[in-house]
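Reading through the structure tokens given below for one structure.
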Amino acid sequence: MQHFTGRVPVTSTAGGAQRAAVAVASRSEVGEVLAAMAGHFAARRPGDRITPLSVQACTAGTVYNLRGRTCRSSGKALSKAVVDALPEPDLSSTRGQYAAQLEHTAAAYGWGPDDDKPVIPSIPRPRPSTGRAGQ
């Protein structure tokens, strides 16, 4: 069956082939969000107690930031996948301790500490000219 989204016709299937492809891509994105959340909790008030509200707010904010700071990026599906993957916070633990749990969970989703480094090397700027042509 064909549905028209306004720009590109999209074919919907009842089978799991398309969903399986999305799930594989989402797994990496879930790991990225979990790692970013771990960095947030480790850097900002790591000695404070973790709260369910801080976990929810961090999840929403991190998905929003990683999806290009727009609400038109299917962040709802990613948020749900992240919430399903989140470790249950122990309310007697600190934000720093929860960050360690998030790092462990991100690793289980295939996201390591080196995964946020640039893949493409930066290109150095041209050398400044000395003002003397031909010398």
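Beta carbons closer than 9 Å, at least 6 apart along the sequence or on distinct chains, pair a first residue in region 105-117 that is more than 17 Å from D84 (Cα to Cα) and modelled with pLDDT under 60 with a second that is polar (S, T, N, Q) and surrounded by fewer than 19 Cβ atoms within 10 Å (Cβ to Cβ) for D115/S28. For region 26-77, the set of residues classified as within 14 Å of the chain's Cα centre (by Cα), touching a residue at least 40 places away in the same chain (Cβ under 8 Å) and over 19 Å from Y109 (Cα atoms) is empty.
When A60, A108, A77, A81 are screened for being under 20 Å from S28 (Cα atoms) and crowded, with 16+ Cβ neighbours inside 10 Å, only A81 passes.
Scanning region 78-96 for residues that are of a type outside the set (A, V, I, L, M, F, W, C) and in contact (Cβ under 8 Å) with a residue 24 or more places away in the chain yields a count of 7.
Among the residues of region 42-56, those that are open to solvent by 60 Å² or more (accessible area, probe 1.4 Å) and part of a helix (DSSP H, G or I) comprise A43, P52, L53, Q56. Residues in region 84-99 that are open to solvent by 30 Å² or more (accessible area, probe 1.4 Å), within 19 Å of R27 (Cα to Cα) and in a helix (DSSP H, G or I): D84 only. I need the full set of residues from region 65-74 which are closer than 17 Å to S28 by Cα and open to solvent by 50 Å² or more (accessible area, probe 1.4 Å), in order please. Answer for region 65-74, where residues must be closer than 17 Å to S28 by Cα and open to solvent by 50 Å² or more (accessible area, probe 1.4 Å): N65, L66, R67, G68, S74.
The values are calculated or read from the model by the stated rules, or taken from the named source; none is laboratory data. Everything numeric in this text was worked out from a predicted model, so none of it was measured. FYI the Cβ positions are ideal-geometry reconstructions off the backbone, even for glycines, and counts take in every protein chain you see. Heavy atoms of the whole protein, side chains included, go into the accessibility calculation; ligands, DNA and RNA do not. Shrake-Rupley method; radii C 1.70, N 1.55, O 1.52, S 1.80 Å.
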